[in-house]
Amino acid sequence: MAMTPLRSYRGVMANIVILTGAGISAESGLATFRGPDGLWEGHRVEDVCTPEALARDRETVLRFYDERRAALATVAPNAAHQALAKLDAEWRGGLLIVTQNVDDLHERAGAERLIHIHGELLSALCEGCGGRERFAGAMLGGTVCAGCGAVNRLRPDIVFFGEIPYDMERIEAAVQAADLFVSIGTSGAVYPAAGFVRLARAVGAQTLELNLEPSEGSFLFDERRYGPASVLVPEWVEELLSRQ
Ligand code: APR
């Protein structure tokens with residue numbers, strides 16, 4: 001199924017913004033949030049992903065992220081991550097991957113033009129000095145901030161519900177300059193990420209959804225393809241690069 005040609009090219013090559021969600025990491029073995037066996041089936045958001053939960057029951061929150069951080073060592077990027085890294089390396093136009101995921105699979109596949117809008121498991125935030133540092137271990141065992149020396153003040157560098165997502169200005173500028181906006185493996189349930197497709201449409205970008213099933217915003221996409229990301233994403237990337 002050939003993709004409809006990009007309606008507009010600014011300069012030589014199109015500017016592409018790609019939004020990814022938990023569905024792109026599902027075939028690597030990382031749980032998604034909603035749907036069968038979703039993380040929010042086994043945990044209440046209110047218990048592990050809010051500032052109030054961190055204040056009320058720090059141990060439960062740190063354990064939830066310690067377990068997810070430890071799981072990263074047991075998984076690897078899949079063909080969808082690899083395909084996006086190839087696009088990142090070979091696409092001569094503008095490209096930005098905005099991931100809602102807090103895993104490091106895009107990086108391990110080689111992607112560089114990447115933003116983590118919801119933070120990263122492998123980063124820690126100090127509640128003492130506000131500094132961020134790379135962190136790969138377990139917080140429950142006790143921590144010392146590399147920046148200010150504060151003891152047990154490191155928290156997961158994850159954007160909790162009710163907190164401000166990262167890099168919004170940079171992301172919105174990229175979407176406003178986009179010729180093509182592609183959403184991969186996300187349910188479209190959480191804002192502001194779920195609203196980016198509307199911003200893309202408002203500036204005349206073409207929109208494409210690659211997902212296992214229709215998302216909450218699927219009606220907003222010009223083109224929609226359904227199936228596993230590990231099949232759809234490599235197919236789409238090859239189509240695009242063959243037309244460059
Ligand atoms: N290939 C493609 N899509 C898939 C696959 C797959 N193999 N498996 C699941 N999906 C799709 C599901 O159909 C669903 O639409 O991925 C989507 C996953 O949706 P969610 O679990 O809601 O994950 P996500 O959209 O990333 O959640 C957004 O919500 O809880 C917050 O901060 C958290 O970043 C997360 C945000």
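Restricting to region 47-63, give me the number of residues that are assigned to a helix (DSSP H, G or I) and within 12 Å of the ligand (Cβ to nearest atom).
Selection size over region 47-63: 1.
Please go through region 186-216 and give me each residue that is buried (at least 17 other Cβ atoms within 10 Å of the Cβ), without any contact (Cβ under 8 Å) to a residue 60 or more places away in the chain and under 24 Å from Ser28 (Cβ atoms), ordered by number.
If the condition is that a residue be buried (at least 17 other Cβ atoms within 10 Å of the Cβ), without any contact (Cβ under 8 Å) to a residue 60 or more places away in the chain and under 24 Å from Ser28 (Cβ atoms), then Gly188, Ala194, Glu209, Leu210, Ser215 are the ones that fit.
Among the residues of region 69-82, write down those that are of a type in the set (Gly, Ala, Ser) and open to solvent by 10 Å² or more (accessible area, probe 1.4 Å).
Matches in region 69-82: Ala70, Ala71, Ala73, Ala76, Ala79.
Within the bounds of region 192-200, is there any residue that is assigned to a loop (DSSP other than H, G, I, E, B) and assigned by TED's automatic domain parsing to the domain that holds Arg92?
Looking for residues that are assigned to a loop (DSSP other than H, G, I, E, B) and assigned by TED's automatic domain parsing to the domain that holds Arg92, one finds at least one in region 192-200, hence yes.
If you scan region 138-178, which residues turn out to be of a type outside the set (A, V, I, L, M, F, W, C), in a loop (DSSP other than H, G, I, E, B), open to solvent by less than 40 Å² (accessible area, probe 1.4 Å) and within 30 Å of Thr20 (Cα to Cα)?
Pro165
If we keep just the residues of region 18-29 that are open to solvent by 30 Å² or more (accessible area, probe 1.4 Å) and in a loop (DSSP other than H, G, I, E, B), which is farthest from Asp179 (Cα to Cα)?
Here the residue is Gly29.
The values are calculated or read from the model by the stated rules, or taken from the named source; none is laboratory data. From a predicted model like this one, the values you see are computed outputs, not experimental measurements. Counting neighbours? That spans all protein chains shown, and the Cβs are built from the backbone with ideal geometry, glycine included. Protein only, heavy atoms only, side chains kept; ligands, DNA and RNA dropped before computing areas. Shrake-Rupley method; radii C 1.70, N 1.55, O 1.52, S 1.80 Å.
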